[in-house]
Structure formats: C-alpha cells, structure tokens
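Worksheet for the structure shown next.
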Amino acid sequence: MPVFNLSSCITNPCTGCQYLRFATVLSGLGQVGDCSPLVHRLREVKSAWEIEQMRLAAEIQLTMFEAIAEVGCEGATELELSAAAEAISRAAGFGGNINLRRFPMQCDRAVVVAGRAGGIPSFFDAAIGGTGPHPGVGMGTGFNKIKPGEPVLVDILHAHRGYLIDMTRMFSLGSLDAVWQERLEDMLAVKEVVVDVLDQGKTCSQAWQEGHALAVEMGHGDHLMGQQPDQTNFLGHSLGLELDESPVVAAGFDRPLELGGTMAIEPKVVYAEGSIGSEDTWVRGERGMEPLSADGAFPWHHQW
C-alpha cells in the first residue's frame, strides 16, 4: 500500500482516491513525488504566443461588454445581460469551462450583479458573490432586475484557445449618486497604486500592503473586497490557462510579478446595497505594466 501524503493533497488539487490510484499505479517506479509547484511556476511567465492569445481574448471580451451596453434597460435581468455577452463569446469559440487549480472551487464565467445582489457573499474566494439563479447555483448571475440608480457590476471572463482574460466594469440605469461615484474613483486610485508598485518590480505583498493601506485611509477598510466577516484578502490574481494562478497581490507573496507575468487587478468595495470597482488584466513587460484587456477603451461606468 502506498504512503498517503496528506500535505500534498492539501496544497495541490488532488482527492485522496486520486492520489491513492496514481500512487498504486506508479509504485513500481519508486516513491511518488509532487511536481505541481514546478508546473505552476513554469506557467507564471507567459511566452509571446501565450500573451497574444490573451490579447485576442480581450478583443472578443470588449465586444461582449459592448453587447451588454446595448441591451441593458429597466427590468432586464442579470441573466439576460449575461446571455448577450455569452452569445458573442460562444460564437467566437469559447469552450464553456473556466479552469481553476484549487479543488473543489468552481465559478461561472460571468458575474452580473444588480443592486443589492452585489452585496451577497458566496462560497467562492472572491469579493463578489451574487444570488445565482437558484440555490443549486448559489452565486453569480440570477433573475434580479435592473432598477434606476442602482450599481450593476459586470465581471466577465473570456478564453481564447484556453487562455483567460478578466475584466470588470460598472453599469447603471441613469446616474449613480455621488457616494457610488466616489467609491468608484477610490477603487481606481487603489488600482493605480497596485499597478505602480508592480511596475517598479516590487513584491506582490508590497502591492497589497500599499493598496490596502490607501483603501483603509479612504474609509473602505471594512468593505474592501467584501464585507466582514466575508472579506477576501487580495487585490489581484495571476491568470492564464487557469483563473487562480500565482503570484497573487496578497500578503505572503514576497516576490515580484515576473516579466511575462499576467495578472488581473480588481479592487472592489462591497456594501449591503451593492458593490462597485474595476478590473483589467495586465502583463508586465520590458516597458512596464501594460493592460491586455480594454482599460480605457471601455468606460469604467456606462450609463444606460
């Protein structure tokens, strides 16, 4: 009987039955080792071809957001907005799966949350939860309807040949009041700080510290990336073939984003009456941090 290495199953996505099966099959070759950390470190730095796939994904993603800008109206549901974007993505070749490393995490490719739905947490390790369409899918986009003056947060993924791109923008029917507008401006300021720290080649943990400190100074400490006690402690995550690659803009990641590293930077604040923030996917190149997703090509806040 092979030795069961519990620590390997905790740190890497493998069930006990899977581990025992592979360990038994490979037992004749000697002790079973874990090469997952090596594979994931190799994935951190993208080749020029990989970055090009993400750029192509971003082009499709932009048209998805443009579709949402066209169909939004009073009484439209979150699912109807998501469907408009989904149709474009599917027609462009999206295969339907969002790959994650962590077991047993799963998520939808689009999170559209209107008004108070944006303040509902979920099991997923992210700032935004949402109601989902029914209890069997208890997060993300649901049947909540667009109402005047409420923030509608749209967080959408697209994948081209398996390579993910991630972006968030805000929508509203009519204008948002000054409080929401100020919150969005604050999150854009936090985003700029995080990008600047990474651009200088400083560590991801330092980017977290400086971004978090600014948010606290602005009065958002209890609402940054979720409401207490459901806050998540990061401001950005690497992505590529998987949504949850390393490094992460969080405490403990005491190394920089390497040249060729790709990261979604997504400061958001969550309140009972809704959520607001921004997100773009970036690559760190020889000339510094460069946006792969739309950045200024699509407004931070679109008004229907």
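No lab work stands behind these numbers, since they all come straight from the coordinates. Just so it is clear, the structure is predicted and the values come from calculations on it, not from any experiment. Methodologically, a virtual Cβ is constructed for each residue, glycine included, from the backbone with ideal geometry; neighbour enumeration extends over all protein chains shown.
For the pair residue 17 and residue 303, label points projected 7 Å from Cα toward Cβ lie 5.6 nm apart. Taking the C-alpha atoms only, the angle from helix 48-71 to the longest principal axis of the chain is near 30 degrees. Rounded, prolate or oblate, given the Cα gyration tensor of segment 92-234, with a/c below 1.5 counting as rounded? The shape class here is oblate.
Close amide H partners of residue 243, meaning residues 5 or more places away or on another chain with modelled amide H under 5 Å apart, are 99, 100, 101. Near residue 304: Cβ cut-off under 12 Å, other residues only, Lys/Arg at +1 and Asp/Glu at -1. The net charge is -2. Relative contact order, whole percent, for segment 45-303 stands at 23, derived from Cα pairs under 8 Å and 6 or more residues apart. DSSP beta bridges confined to segment 45-303 are antiparallel in about 90 percent of cases. From the alpha carbon centroid of segment 133-209 to that of segment 28-50 is 31 Å. Convex hull of alpha carbon positions in segment 42-157: directionally averaged projected area 8.2 nm². The string of couplings for segment 163-172 from the Karplus curve (6.51, -1.76, 1.60, θ = phi - 60°) is 9, 8, 9, 10, 8, 10, 9, 9, 9, 7 Hz, one whole number per residue in order, with x for Gly and Pro. Ordered by the number of other Cβ atoms lying within 10 Å of each residue's own Cβ, fewest first, 74, 266, 286 fall into the sequence 286, 74, 266. When 79, 153, 292, 29 are sorted by how many other C-beta atoms sit within 10 angstrom of their C-beta, beginning with the fewest, the order is 29, 79, 292, 153. Under a 5 Å amide H cut-off, with hydrogens placed 1.01 Å from N, residue 268 pairs with 225 among residues at least 5 apart or on other chains. Remark: segment 273-286, residue by residue, has Karplus-estimated 3J(HN,Hα) of 8, x, 9, 7, x, 9, 7, 9, 9, 10, 10, 9, x, 4 Hz, where x stands for each Gly or Pro and the curve is 6.51 cos²θ - 1.76 cosθ + 1.60 at θ = phi - 60°. Of all lysines in the structure, those lying under 27 Å Cα to Cα from residue 191, and not within fewer than 8 positions of it along the same chain, are 46, 202, 268. Taking one quarter of the surface of the convex hull spanned by the alpha-carbon atoms of segment 45-303 gives a direction-averaged projected area of 12.3 nm².
Taken one residue at a time, the phi angles of segment 231-238 give Karplus couplings (6.51, -1.76, 1.60, θ = phi - 60°) of 6, 10, 9, 8, 10, x, 9, 6 Hz. Gly and Pro are set to x. For residue 166, the amide hydrogen comes within under 5 Å of the amide hydrogens of 281, counting only partners 5 or more places away or on other chains and with H modelled in the peptide plane. By the beta-carbon count within 10 Å of each Cβ, the least crowded to most crowded order of 275, 175, 246, fewest first, is 175, 246, 275.
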